[in-house]
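Remarks on the structure that follows.
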Amino acid sequence: MKLYNTLSKRKEEFVPLEEGKVRMYVCGPTVYNFIHIGNARPMIVFDTVRRYLEYKGFDVNYVSNFTDVDDKIIKKAIEEGVTADEISKRYIAECKKDMEGMNVRPATTHPLATEEIGGMIEMIRTLIEKGCAYEKNGTVYFRTRKFKEYGKLSHKNLDDLRSGERSLLVTGEDEKEDPLDFVLWKPKKEGEPSWQSPWSDGRPGWHIECSEMSKKYLGEQIDIHAGGEDLVFPHHENEIAQSEAANGKEFAKYWMHNAFLNIDNRKMSKSLGNFRTVREISEQYDLQVLRFFMLSAHYRSPLNFSADLMEASKSGLTRIVNAADNLKFLMGNAKTEGMTAEEAEAYEKTQEYVRAFESAMEDDFNTADAAAAVFERVKYSNTTADAGSSKEFLQKLLDRLVSLTDVLGLIVDRKEEMLDGEIEKLIEERQAARKAKDFARADAIRDELLEKGIILKDTREGVQWKRA
RNA sequence: GGCGCAGUAGCCAAGUGGUAAGGCAUGGGUCUGCAACACCCUGAUUCACCGGUUCAAAUCCGGUCUGCGCCUCCA
(Lines give C-alpha, C1' and ligand atoms only; values in the text may rest on other atoms or scores of the structure.)
Protein backbone atom coordinates (compact mmCIF):
# COMPACT_ATOMS: atom_id res chain seq x y z
CA MET A 1 0.00 0.00 0.00
CA LYS A 2 1.38 3.35 -1.04
CA LEU A 3 0.42 6.75 0.21
CA TYR A 4 1.63 10.23 -0.61
CA ASN A 5 3.57 11.76 2.22
CA THR A 6 3.66 15.56 2.28
CA LEU A 7 6.86 15.29 4.27
CA SER A 8 8.83 13.59 1.50
CA LYS A 9 6.65 14.85 -1.36
CA ARG A 10 6.32 11.38 -2.78
CA LYS A 11 4.36 8.19 -2.52
CA GLU A 12 5.78 5.86 0.08
CA GLU A 13 5.09 2.27 1.00
CA PHE A 14 2.97 2.25 4.12
CA VAL A 15 4.71 0.50 7.01
CA PRO A 16 2.99 0.88 10.38
CA LEU A 17 5.01 1.52 13.53
CA GLU A 18 3.45 -1.52 15.08
CA GLU A 19 2.48 -4.45 12.92
CA GLY A 20 -1.24 -4.73 12.26
CA LYS A 21 -2.02 -1.44 13.95
CA VAL A 22 -2.50 2.09 12.70
CA ARG A 23 -2.49 5.21 14.81
CA MET A 24 -4.13 8.02 12.93
CA TYR A 25 -5.00 11.61 13.83
CA VAL A 26 -7.19 13.87 11.74
CA CYS A 27 -7.57 17.55 12.58
CA GLY A 28 -11.24 18.19 13.14
CA PRO A 29 -13.36 21.28 12.70
CA THR A 30 -13.69 24.35 14.88
CA VAL A 31 -17.28 24.18 16.01
CA TYR A 32 -18.73 27.65 15.68
CA ASN A 33 -21.39 26.87 13.10
CA PHE A 34 -22.78 24.07 10.96
CA ILE A 35 -19.94 22.40 9.11
CA HIS A 36 -19.58 23.41 5.49
CA ILE A 37 -18.93 21.14 2.55
CA GLY A 38 -15.25 22.03 2.69
CA ASN A 39 -15.09 20.54 6.16
CA ALA A 40 -16.81 17.48 4.77
CA ARG A 41 -14.04 16.61 2.34
CA PRO A 42 -11.37 15.57 4.88
CA MET A 43 -14.02 13.84 6.96
CA ILE A 44 -15.15 11.72 4.04
CA VAL A 45 -11.72 11.19 2.55
CA PHE A 46 -9.99 10.10 5.73
CA ASP A 47 -12.96 8.07 6.87
CA THR A 48 -12.51 6.19 3.61
CA VAL A 49 -8.81 5.76 4.30
CA ARG A 50 -9.70 4.35 7.68
CA ARG A 51 -12.28 2.00 6.18
CA TYR A 52 -9.79 0.68 3.68
CA LEU A 53 -7.14 0.12 6.36
CA GLU A 54 -9.69 -1.81 8.38
CA TYR A 55 -10.76 -3.74 5.30
CA LYS A 56 -7.12 -4.77 4.98
CA GLY A 57 -7.22 -6.03 8.53
CA PHE A 58 -5.50 -3.22 10.39
CA ASP A 59 -6.65 -2.31 13.84
CA VAL A 60 -7.10 1.44 13.44
CA ASN A 61 -7.05 3.83 16.35
CA TYR A 62 -8.60 6.89 14.76
CA VAL A 63 -8.60 10.15 16.67
CA SER A 64 -10.23 13.34 15.48
CA ASN A 65 -10.67 16.37 17.68
CA PHE A 66 -13.20 19.13 17.97
CA THR A 67 -11.65 22.53 18.51
CA ASP A 68 -14.11 23.95 20.99
CA VAL A 69 -12.31 27.05 22.19
CA ASP A 70 -11.41 29.67 19.63
CA ASP A 71 -11.94 33.32 18.71
CA LYS A 72 -14.71 32.47 16.27
CA ILE A 73 -16.63 30.51 18.88
CA ILE A 74 -16.30 33.35 21.36
CA LYS A 75 -17.44 35.85 18.77
CA LYS A 76 -20.50 33.77 17.94
CA ALA A 77 -21.31 33.38 21.64
CA ILE A 78 -21.19 37.13 22.14
CA GLU A 79 -23.44 37.66 19.12
CA GLU A 80 -26.02 35.29 20.51
CA GLY A 81 -25.56 36.29 24.11
CA VAL A 82 -24.83 32.74 25.26
CA THR A 83 -21.74 30.99 26.59
CA ALA A 84 -18.99 29.72 24.33
CA ASP A 85 -19.61 26.31 25.78
CA GLU A 86 -23.21 26.37 24.63
CA ILE A 87 -22.14 27.24 21.09
CA SER A 88 -19.52 24.51 20.86
CA LYS A 89 -21.75 21.83 22.38
CA ARG A 90 -24.55 22.72 19.99
CA TYR A 91 -22.43 22.55 16.87
CA ILE A 92 -20.63 19.41 17.92
CA ALA A 93 -24.04 17.75 18.13
CA GLU A 94 -25.01 19.15 14.73
CA CYS A 95 -21.72 18.07 13.24
CA LYS A 96 -22.28 14.54 14.44
CA LYS A 97 -25.66 14.47 12.73
CA ASP A 98 -24.07 15.55 9.47
CA MET A 99 -21.36 12.93 9.86
CA GLU A 100 -23.97 10.27 10.31
CA GLY A 101 -25.72 11.41 7.15
CA MET A 102 -22.46 11.20 5.24
CA ASN A 103 -21.84 7.79 6.78
CA VAL A 104 -18.64 9.03 8.38
CA ARG A 105 -18.01 6.69 11.26
CA PRO A 106 -17.38 8.15 14.69
CA ALA A 107 -13.69 8.23 15.57
CA THR A 108 -12.31 5.89 18.18
CA THR A 109 -11.97 9.05 20.26
CA HIS A 110 -13.24 12.57 19.61
CA PRO A 111 -11.29 14.64 22.16
CA LEU A 112 -12.37 18.16 23.02
CA ALA A 113 -9.66 20.79 23.39
CA THR A 114 -11.28 22.22 26.52
CA GLU A 115 -11.04 18.90 28.29
CA GLU A 116 -7.33 18.51 27.68
CA ILE A 117 -6.01 21.82 28.99
CA GLY A 118 -4.01 20.19 31.78
CA GLY A 119 -1.98 18.13 29.36
CA MET A 120 -1.37 21.14 27.16
CA ILE A 121 -0.02 23.10 30.12
CA GLU A 122 2.32 20.22 30.89
CA MET A 123 3.58 20.14 27.35
CA ILE A 124 4.18 23.89 27.35
CA ARG A 125 6.03 23.56 30.64
CA THR A 126 8.29 20.92 29.11
CA LEU A 127 8.99 23.16 26.14
CA ILE A 128 9.96 26.02 28.43
CA GLU A 129 12.23 23.72 30.44
CA LYS A 130 13.95 22.61 27.27
CA GLY A 131 14.50 26.19 26.23
CA CYS A 132 12.14 25.85 23.28
CA ALA A 133 9.61 28.34 24.61
CA TYR A 134 9.54 31.54 26.65
CA GLU A 135 7.00 33.64 28.49
CA LYS A 136 6.41 37.39 28.08
CA ASN A 137 3.66 39.20 29.97
CA GLY A 138 1.57 36.07 30.42
CA THR A 139 1.94 34.90 26.82
CA VAL A 140 4.07 31.88 26.03
CA TYR A 141 5.76 31.69 22.64
CA PHE A 142 7.47 28.85 20.87
CA ARG A 143 11.07 29.67 19.98
CA THR A 144 10.84 28.64 16.34
CA ARG A 145 14.52 28.99 15.46
CA LYS A 146 15.39 26.60 18.25
CA PHE A 147 13.77 23.79 16.25
CA LYS A 148 16.31 23.14 13.52
CA GLU A 149 13.99 21.22 11.24
CA TYR A 150 11.29 23.88 11.17
CA GLY A 151 9.88 24.04 7.65
CA LYS A 152 10.47 20.39 6.80
CA LEU A 153 6.81 19.67 6.18
CA SER A 154 5.84 22.75 4.18
CA HIS A 155 9.30 22.86 2.57
CA LYS A 156 9.86 26.47 3.41
CA ASN A 157 13.03 27.98 4.67
CA LEU A 158 13.00 30.35 7.55
CA ASP A 159 14.51 33.25 5.66
CA ASP A 160 11.85 33.19 2.94
CA LEU A 161 9.24 33.20 5.63
CA ARG A 162 10.92 36.06 7.38
CA SER A 163 10.74 38.37 4.39
CA GLY A 164 7.06 37.61 4.05
CA GLU A 165 6.55 38.41 7.70
CA ARG A 166 7.90 41.92 7.48
CA SER A 167 4.47 43.48 7.52
CA LEU A 168 3.73 41.67 10.76
CA LEU A 169 6.85 43.02 12.38
CA VAL A 170 5.69 46.58 12.09
CA THR A 171 2.22 45.83 13.36
CA GLY A 172 3.58 45.61 16.86
CA GLU A 173 4.20 42.03 17.86
CA ASP A 174 7.55 43.21 19.09
CA GLU A 175 7.45 41.27 22.32
CA LYS A 176 8.32 38.15 20.35
CA GLU A 177 12.00 37.35 20.16
CA ASP A 178 11.51 36.51 16.52
CA PRO A 179 8.56 37.22 14.22
CA LEU A 180 8.36 33.52 13.38
CA ASP A 181 7.63 32.56 16.97
CA PHE A 182 4.06 31.48 17.58
CA VAL A 183 1.74 31.40 20.56
CA LEU A 184 1.45 28.42 22.90
CA TRP A 185 -0.56 30.14 25.60
CA LYS A 186 -2.30 33.46 25.63
CA PRO A 187 -3.87 35.44 28.46
CA LYS A 188 -7.61 35.93 28.41
CA LYS A 189 -9.32 39.08 27.42
CA GLU A 190 -12.28 40.32 29.39
CA GLY A 191 -15.20 37.90 29.23
CA GLU A 192 -13.35 35.09 27.50
CA PRO A 193 -13.30 31.53 28.78
CA SER A 194 -10.03 30.86 30.59
CA TRP A 195 -8.03 28.33 32.55
CA GLN A 196 -5.40 28.82 35.22
CA SER A 197 -1.80 28.29 34.25
CA PRO A 198 1.60 29.18 35.70
CA TRP A 199 1.82 32.07 33.25
CA SER A 200 -1.63 33.64 33.24
CA ASP A 201 -5.32 32.89 33.25
CA GLY A 202 -5.89 32.22 29.62
CA ARG A 203 -6.17 29.58 26.94
CA PRO A 204 -3.92 27.49 24.77
CA GLY A 205 -2.83 28.37 21.26
CA TRP A 206 -4.47 26.36 18.51
CA HIS A 207 -1.42 24.32 17.50
CA ILE A 208 -0.59 22.95 20.93
CA GLU A 209 -4.07 21.48 21.19
CA CYS A 210 -3.51 18.91 18.47
CA SER A 211 0.00 18.10 19.66
CA GLU A 212 -1.30 17.24 23.10
CA MET A 213 -4.45 15.39 22.05
CA SER A 214 -2.52 13.29 19.59
CA LYS A 215 0.03 12.42 22.26
CA LYS A 216 -2.55 11.60 24.89
CA TYR A 217 -4.68 9.30 22.79
CA LEU A 218 -2.18 7.85 20.35
CA GLY A 219 1.23 8.22 21.95
CA GLU A 220 4.30 10.27 21.15
CA GLN A 221 4.69 8.72 17.71
CA ILE A 222 1.86 8.08 15.31
CA ASP A 223 1.54 6.61 11.85
CA ILE A 224 -0.66 9.06 10.00
CA HIS A 225 -1.55 12.66 10.66
CA ALA A 226 -4.04 14.16 8.25
CA GLY A 227 -6.06 17.26 7.43
CA GLY A 228 -6.83 19.84 4.78
CA GLU A 229 -3.94 21.19 2.74
CA ASP A 230 -4.31 24.62 4.25
CA LEU A 231 -3.18 23.14 7.54
CA VAL A 232 0.26 22.23 6.22
CA PHE A 233 1.46 25.67 7.14
CA PRO A 234 1.49 26.84 9.78
CA HIS A 235 -0.65 24.42 11.79
CA HIS A 236 1.01 21.11 11.07
CA GLU A 237 4.47 22.61 10.78
CA ASN A 238 3.99 24.02 14.26
CA GLU A 239 2.63 20.77 15.61
CA ILE A 240 5.76 19.02 14.44
CA ALA A 241 7.97 21.63 16.06
CA GLN A 242 6.11 21.40 19.38
CA SER A 243 5.76 17.64 19.52
CA GLU A 244 9.23 16.78 18.35
CA ALA A 245 10.85 19.41 20.56
CA ALA A 246 8.88 18.22 23.59
CA ASN A 247 9.03 14.47 23.01
CA GLY A 248 12.40 14.19 21.36
CA LYS A 249 11.22 11.84 18.65
CA GLU A 250 9.64 11.93 15.24
CA PHE A 251 5.97 12.89 15.59
CA ALA A 252 4.08 11.41 12.65
CA LYS A 253 5.49 9.14 10.00
CA TYR A 254 3.06 10.00 7.22
CA TRP A 255 1.36 13.33 6.61
CA MET A 256 -1.69 13.28 4.36
CA HIS A 257 -3.46 16.37 3.06
CA ASN A 258 -6.59 16.68 1.00
CA ALA A 259 -6.93 19.39 -1.63
CA PHE A 260 -9.57 22.09 -1.38
CA LEU A 261 -13.12 22.05 -2.55
CA ASN A 262 -14.23 24.96 -4.73
CA ILE A 263 -17.75 26.04 -5.51
CA ASP A 264 -18.55 26.89 -9.12
CA ASN A 265 -14.82 27.19 -9.72
CA ARG A 266 -14.29 29.71 -6.98
CA LYS A 267 -12.86 29.31 -3.56
CA MET A 268 -15.53 28.98 -0.94
CA SER A 269 -15.44 31.98 1.32
CA LYS A 270 -17.71 34.18 3.30
CA SER A 271 -16.85 37.28 1.32
CA LEU A 272 -17.95 35.65 -1.93
CA GLY A 273 -21.14 34.51 -0.27
CA ASN A 274 -20.80 31.01 -1.67
CA PHE A 275 -20.56 29.18 1.62
CA ARG A 276 -22.53 25.94 1.56
CA THR A 277 -23.22 23.93 4.67
CA VAL A 278 -23.64 20.19 4.69
CA ARG A 279 -27.02 20.75 6.28
CA GLU A 280 -28.16 22.81 3.30
CA ILE A 281 -27.07 20.11 0.90
CA SER A 282 -28.93 17.52 2.94
CA GLU A 283 -32.19 19.33 2.26
CA GLN A 284 -31.74 18.71 -1.44
CA TYR A 285 -29.83 15.45 -1.60
CA ASP A 286 -29.22 12.32 0.37
CA LEU A 287 -25.78 12.97 1.87
CA GLN A 288 -24.70 9.69 0.32
CA VAL A 289 -24.66 11.62 -2.94
CA LEU A 290 -22.31 14.18 -1.42
CA ARG A 291 -20.06 11.39 -0.26
CA PHE A 292 -20.02 9.72 -3.65
CA PHE A 293 -19.30 13.08 -5.26
CA MET A 294 -16.36 13.69 -2.92
CA LEU A 295 -14.86 10.34 -3.80
CA SER A 296 -15.24 10.86 -7.54
CA ALA A 297 -11.89 12.64 -7.71
CA HIS A 298 -8.56 11.89 -6.13
CA TYR A 299 -8.29 13.45 -2.67
CA ARG A 300 -5.18 15.43 -3.59
CA SER A 301 -6.84 17.08 -6.61
CA PRO A 302 -8.93 20.19 -6.23
CA LEU A 303 -12.59 19.36 -6.58
CA ASN A 304 -15.26 21.67 -7.85
CA PHE A 305 -18.74 21.60 -6.40
CA SER A 306 -21.73 22.49 -8.57
CA ALA A 307 -25.36 21.56 -8.95
CA ASP A 308 -24.67 19.80 -12.25
CA LEU A 309 -21.95 17.66 -10.75
CA MET A 310 -24.19 16.71 -7.86
CA GLU A 311 -26.86 15.64 -10.34
CA ALA A 312 -24.34 13.52 -12.21
CA SER A 313 -23.18 11.96 -8.95
CA LYS A 314 -26.74 11.24 -7.98
CA SER A 315 -27.31 9.37 -11.24
CA GLY A 316 -24.10 7.43 -10.85
CA LEU A 317 -24.84 6.42 -7.29
CA THR A 318 -28.36 5.38 -8.26
CA ARG A 319 -26.89 3.04 -10.83
CA ILE A 320 -24.91 1.26 -8.13
CA VAL A 321 -27.84 1.12 -5.72
CA ASN A 322 -30.12 -0.18 -8.48
CA ALA A 323 -27.76 -3.06 -9.13
CA ALA A 324 -27.92 -4.05 -5.47
CA ASP A 325 -31.71 -3.64 -5.39
CA ASN A 326 -31.97 -5.81 -8.42
CA LEU A 327 -29.95 -8.60 -6.89
CA LYS A 328 -32.10 -8.50 -3.78
CA PHE A 329 -35.25 -8.54 -5.85
CA LEU A 330 -34.08 -11.51 -7.89
CA MET A 331 -33.07 -13.26 -4.73
CA GLY A 332 -36.58 -12.94 -3.38
CA ASN A 333 -37.85 -14.76 -6.46
CA ALA A 334 -35.01 -17.23 -6.99
CA LYS A 335 -36.17 -20.71 -7.84
CA THR A 336 -33.03 -22.61 -6.92
CA GLU A 337 -30.82 -22.51 -3.86
CA GLY A 338 -27.28 -23.74 -4.53
CA MET A 339 -24.84 -22.37 -7.08
CA THR A 340 -24.29 -24.30 -10.28
CA ALA A 341 -20.81 -25.01 -11.60
CA GLU A 342 -21.22 -22.26 -14.22
CA GLU A 343 -22.26 -19.82 -11.57
CA ALA A 344 -19.30 -20.71 -9.41
CA GLU A 345 -17.08 -19.97 -12.35
CA ALA A 346 -18.87 -16.69 -13.08
CA TYR A 347 -18.51 -15.74 -9.47
CA GLU A 348 -14.78 -16.40 -9.58
CA LYS A 349 -14.52 -13.79 -12.32
CA THR A 350 -15.69 -11.09 -9.93
CA GLN A 351 -12.38 -11.54 -8.15
CA GLU A 352 -10.90 -9.52 -10.96
CA TYR A 353 -12.91 -6.46 -9.97
CA VAL A 354 -11.90 -6.86 -6.37
CA ARG A 355 -8.29 -6.87 -7.47
CA ALA A 356 -8.81 -3.74 -9.57
CA PHE A 357 -10.54 -2.06 -6.67
CA GLU A 358 -7.81 -2.93 -4.23
CA SER A 359 -4.96 -1.92 -6.46
CA ALA A 360 -6.63 1.46 -6.96
CA MET A 361 -6.95 1.92 -3.22
CA GLU A 362 -3.42 0.68 -2.62
CA ASP A 363 -2.18 3.44 -4.89
CA ASP A 364 -2.61 6.37 -2.55
CA PHE A 365 -6.33 5.79 -2.14
CA ASN A 366 -7.36 6.41 -5.71
CA THR A 367 -11.09 6.40 -5.05
CA ALA A 368 -11.96 7.54 -8.56
CA ASP A 369 -10.31 4.47 -9.98
CA ALA A 370 -11.82 2.31 -7.27
CA ALA A 371 -15.26 3.61 -8.20
CA ALA A 372 -14.59 2.63 -11.81
CA ALA A 373 -13.98 -0.93 -10.59
CA VAL A 374 -17.29 -0.81 -8.73
CA PHE A 375 -19.07 0.29 -11.91
CA GLU A 376 -17.53 -2.55 -13.86
CA ARG A 377 -18.59 -4.87 -11.10
CA VAL A 378 -22.11 -3.43 -11.37
CA LYS A 379 -22.22 -4.04 -15.09
CA TYR A 380 -21.03 -7.56 -14.55
CA SER A 381 -23.82 -8.43 -12.19
CA ASN A 382 -26.41 -6.62 -14.31
CA THR A 383 -25.48 -8.79 -17.27
CA THR A 384 -24.84 -12.02 -15.38
CA ALA A 385 -27.65 -12.32 -12.88
CA ASP A 386 -31.18 -13.04 -14.04
CA ALA A 387 -34.39 -14.73 -13.01
CA GLY A 388 -32.78 -18.12 -13.50
CA SER A 389 -29.92 -17.46 -11.09
CA SER A 390 -29.65 -19.41 -7.88
CA LYS A 391 -30.15 -17.73 -4.56
CA GLU A 392 -26.64 -18.50 -3.42
CA PHE A 393 -25.13 -16.97 -6.53
CA LEU A 394 -27.17 -13.80 -6.16
CA GLN A 395 -26.29 -13.54 -2.50
CA LYS A 396 -22.61 -13.90 -3.23
CA LEU A 397 -22.73 -11.29 -5.95
CA LEU A 398 -24.47 -8.93 -3.57
CA ASP A 399 -22.03 -9.61 -0.74
CA ARG A 400 -19.10 -8.91 -2.97
CA LEU A 401 -20.60 -5.66 -4.19
CA VAL A 402 -21.38 -4.58 -0.65
CA SER A 403 -17.88 -5.37 0.57
CA LEU A 404 -16.51 -2.86 -1.93
CA THR A 405 -19.09 -0.14 -1.49
CA ASP A 406 -18.67 -0.45 2.27
CA VAL A 407 -15.05 0.61 1.94
CA LEU A 408 -16.21 3.73 0.14
CA GLY A 409 -18.83 4.23 2.82
CA LEU A 410 -21.65 3.96 0.33
CA ILE A 411 -24.76 2.26 1.60
CA VAL A 412 -26.35 0.12 -1.07
CA ASP A 413 -28.01 -2.43 1.15
CA ARG A 414 -30.48 -0.30 3.03
CA LYS A 415 -32.85 -2.36 5.10
CA GLU A 416 -36.23 -2.18 3.46
CA GLU A 417 -39.08 -0.91 5.49
CA MET A 418 -42.24 -3.01 5.31
CA LEU A 419 -44.90 -1.70 3.05
CA ASP A 420 -48.01 -0.32 4.59
CA GLY A 421 -50.91 -2.65 3.99
CA GLU A 422 -52.57 0.13 2.09
CA ILE A 423 -49.69 0.56 -0.31
CA GLU A 424 -49.44 -3.14 -0.85
CA LYS A 425 -53.12 -3.23 -1.67
CA LEU A 426 -52.70 -0.45 -4.21
CA ILE A 427 -49.92 -2.34 -5.94
CA GLU A 428 -52.13 -5.41 -6.17
CA GLU A 429 -55.03 -3.36 -7.44
CA ARG A 430 -52.80 -1.84 -10.09
CA GLN A 431 -51.67 -5.28 -11.18
CA ALA A 432 -55.28 -6.32 -11.57
CA ALA A 433 -56.03 -3.19 -13.60
CA ARG A 434 -53.05 -3.88 -15.84
CA LYS A 435 -54.22 -7.41 -16.41
CA ALA A 436 -57.62 -6.04 -17.42
CA LYS A 437 -55.79 -3.53 -19.64
CA ASP A 438 -57.28 -0.68 -17.66
CA PHE A 439 -54.08 1.35 -18.05
CA ALA A 440 -55.63 4.63 -17.06
CA ARG A 441 -56.45 3.18 -13.67
CA ALA A 442 -53.05 1.51 -13.44
CA ASP A 443 -51.25 4.77 -14.17
CA ALA A 444 -53.39 6.65 -11.70
CA ILE A 445 -52.37 4.25 -8.97
CA ARG A 446 -48.75 4.54 -9.95
CA ASP A 447 -48.98 8.33 -9.75
CA GLU A 448 -50.67 8.08 -6.41
CA LEU A 449 -47.87 5.92 -5.07
CA LEU A 450 -45.28 8.26 -6.55
CA GLU A 451 -46.76 11.06 -4.51
CA LYS A 452 -46.18 8.95 -1.44
CA GLY A 453 -42.58 8.51 -2.48
CA ILE A 454 -42.89 5.01 -3.87
CA ILE A 455 -41.38 4.36 -7.28
CA LEU A 456 -42.54 1.26 -9.15
CA LYS A 457 -40.69 -0.72 -11.73
CA ASP A 458 -42.46 -3.37 -13.77
CA THR A 459 -40.16 -6.23 -14.57
CA ARG A 460 -40.67 -9.64 -16.05
CA GLU A 461 -40.36 -11.07 -12.57
CA GLY A 462 -42.98 -8.81 -11.05
CA VAL A 463 -43.29 -5.35 -9.61
CA GLN A 464 -40.24 -3.86 -7.98
CA TRP A 465 -40.58 -0.78 -5.82
CA LYS A 466 -38.34 1.58 -3.94
CA ARG A 467 -38.56 4.72 -1.93
CA ALA A 468 -37.66 7.90 -3.78
C1' G B 1 8.16 38.65 -4.08
C1' G B 2 8.94 33.20 -1.99
C1' C B 3 7.04 28.10 -2.30
C1' G B 4 3.73 24.76 -4.74
C1' C B 5 -0.36 22.51 -7.79
C1' A B 6 -3.20 21.87 -12.17
C1' G B 7 -4.68 22.10 -17.75
C1' U B 8 -7.22 14.61 -20.84
C1' A B 9 -14.08 14.04 -25.02
C1' G B 10 -20.32 18.33 -23.94
C1' C B 11 -19.37 17.72 -18.34
C1' C B 12 -16.64 14.98 -14.36
C1' A B 13 -12.40 11.93 -14.10
C1' A B 14 -8.42 7.68 -14.10
C1' G B 15 -4.03 6.89 -16.61
C1' U B 16 3.28 9.15 -15.01
C1' G B 17 7.52 5.80 -21.22
C1' G B 18 4.48 1.26 -25.00
C1' U B 19 0.13 3.22 -28.19
C1' A B 20 -6.35 6.91 -24.15
C1' A B 21 -10.33 3.23 -17.84
C1' G B 22 -14.92 4.53 -15.72
C1' G B 23 -19.24 7.71 -14.80
C1' C B 24 -22.85 11.55 -16.22
C1' A B 25 -25.14 13.77 -20.41
C1' U B 26 -26.57 13.21 -25.94
C1' G B 27 -28.43 10.29 -30.10
C1' G B 28 -30.11 5.33 -32.03
C1' G B 29 -31.83 0.42 -30.76
C1' U B 30 -33.63 -4.06 -27.58
C1' C B 31 -37.06 -4.96 -23.61
C1' U B 32 -41.95 -2.77 -22.21
C1' G B 33 -49.26 -1.25 -22.63
C1' C B 34 -46.63 3.25 -21.18
C1' A B 35 -42.95 4.71 -17.74
C1' A B 36 -38.76 3.26 -14.97
C1' C B 37 -34.63 -0.13 -14.59
C1' A B 38 -31.29 -2.90 -17.44
C1' C B 39 -28.72 -4.19 -21.89
C1' C B 40 -26.42 -3.12 -26.97
C1' C B 41 -24.52 0.70 -30.13
C1' U B 42 -22.94 6.04 -30.20
C1' G B 43 -17.82 9.16 -28.50
C1' A B 44 -10.70 12.14 -28.03
C1' U B 45 -5.96 9.63 -34.89
C1' U B 46 -5.69 12.58 -29.47
C1' C B 47 -4.25 14.43 -23.92
C1' A B 48 -3.46 23.70 -23.25
C1' C B 49 0.56 25.45 -26.83
C1' C B 50 5.81 25.31 -28.84
C1' G B 51 10.38 22.84 -29.00
C1' G B 52 13.61 18.70 -27.28
C1' U B 53 15.09 13.49 -25.50
C1' U B 54 13.60 8.38 -27.17
C1' C B 55 12.56 2.90 -31.44
C1' A B 56 8.27 4.75 -28.61
C1' A B 57 5.62 10.59 -24.65
C1' A B 58 -0.75 12.49 -22.29
C1' U B 59 3.26 10.48 -19.45
C1' C B 60 10.50 12.71 -19.24
C1' C B 61 13.21 17.77 -20.13
C1' G B 62 13.02 23.21 -21.47
C1' G B 63 9.93 27.31 -22.64
C1' U B 64 5.02 29.86 -23.38
C1' C B 65 -0.12 30.67 -22.13
C1' U B 66 -4.15 29.92 -18.68
C1' G B 67 -6.38 28.73 -13.92
C1' C B 68 -5.54 27.90 -8.74
C1' G B 69 -3.45 27.22 -3.66
C1' C B 70 -0.18 28.41 0.64
C1' C B 71 3.02 32.31 2.78
C1' U B 72 -2.91 36.21 7.49
C1' C B 73 -5.22 30.19 13.51
C1' C B 74 -10.13 29.18 6.31
C1' A B 75 -10.70 21.77 5.95
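The values are calculated or read from the model by the stated rules, or taken from the named source; none is laboratory data. Note that the structure is a prediction, hence the values are computed from the model and not measured. Reconstructed Cβ throughout: ideal geometry from the backbone, glycine too, with neighbour counts over all protein chains shown. Please note that ligands, DNA and RNA were not included when accessible areas were found on the heavy atoms of the full protein model with its side chains. Shrake-Rupley method; radii C 1.70, N 1.55, O 1.52, S 1.80 Å.
Annotations
- Hits in the range A:11-39 (condition: assigned to a strand (DSSP E or B) and near RNA strand B (Cβ under 10 Å from one of its atoms)): A:LYS11, A:VAL26, A:THR30, A:HIS36
- Pick from the range A:75-109, criterion without any contact (Cβ under 8 Å) to a residue 40 or more places away in the chain and among the acidic types (Asp, Glu), ranking: most open to solvent (accessible area, probe 1.4 Å): A:GLU100
- Counted residues, the range A:110-139 - those being open to solvent by 40 Å² or more (accessible area, probe 1.4 Å) and either touching a His at 6+ places or on another chain (Cβ under 9 Å) or among the β-branched types (Val, Ile, Thr) (or both): 2
- Qualifying residues in the range A:34-49 (those that are open to solvent by 10 Å² or more (accessible area, probe 1.4 Å) and in contact with a Lys or Arg (Cβ under 7 Å, 6 or more places away or on another chain)) - the one nearest to A:ALA297 (Cα to Cα): A:HIS36
- Residue check for A:LYS146: farther than 29 Å from A:LYS75 by Cα, modelled with pLDDT of 90 or more and open to solvent by 60 Å² or more (accessible area, probe 1.4 Å): yes
- Close pairs (7 angstrom Cβ cut-off, 6 or more residues apart or separate chains): under 21 Å from A:GLU209 (Cβ atoms) in the range A:142-161, part of a helix (DSSP H, G or I) and open to solvent by 50 Å² or more (accessible area, probe 1.4 Å) anywhere: A:SER154/A:PHE233
- Among residues of the range A:317-370, those that are farther than 24 Å from A:ARG51 by Cα and among the charged types (D, E, K, R), counted: 8
- Inclusion of A:ARG460 among residues that are out of contact with any Pro (no Cβ under 8 Å at 6 or more places or on another chain), open to solvent by 10 Å² or more (accessible area, probe 1.4 Å) and touching a residue at least 60 places away in the same chain (Cβ under 8 Å) is warranted.
- All positions within the range A:326-344 that are more than 10 Å from RNA strand B (Cβ to nearest atom) and part of a helix (DSSP H, G or I): A:LEU327, A:LYS328, A:LEU330, A:MET331, A:GLY332, A:ASN333, A:ALA341, A:GLU342, A:GLU343, A:ALA344
- Where a residue in the range A:308-329 is at positive phi and its partner, wherever it lies, is small (Gly, Ala, Ser) and open to solvent by 40 Å² or more (accessible area, probe 1.4 Å), with Cβ under 8 Å and at least six apart: none
- The numbered conditions (1) open to solvent by less than 60 Å² (accessible area, probe 1.4 Å); (2) near RNA strand B (Cβ under 8 Å from one of its atoms); (3) not charged (D, E, K, R) are all true for A:LEU449 except (2).
- The listed residues are A:GLY118, A:GLY131, and the only one of them that is over 17 Å from A:PHE251 (Cα atoms), within 34 Å of the chain's Cα centre (by Cα) and more than 16 Å from RNA strand B (Cβ to nearest atom) turns out to be A:GLY118.
- When the range A:183-226 is filtered for residues that are open to solvent by 20 Å² or more (accessible area, probe 1.4 Å), part of a strand (DSSP E or B) and within 11 Å of RNA strand B (Cβ to nearest atom), the ones remaining, listed by number, are A:VAL183, A:LYS186.
- Of the residues making up the range A:149-173, just one is at pLDDT 90 or above and either of a type in the set (Val, Ile, Thr) or surrounded by fewer than 14 Cβ atoms within 10 Å (Cβ to Cβ) (or both), namely A:GLU149.
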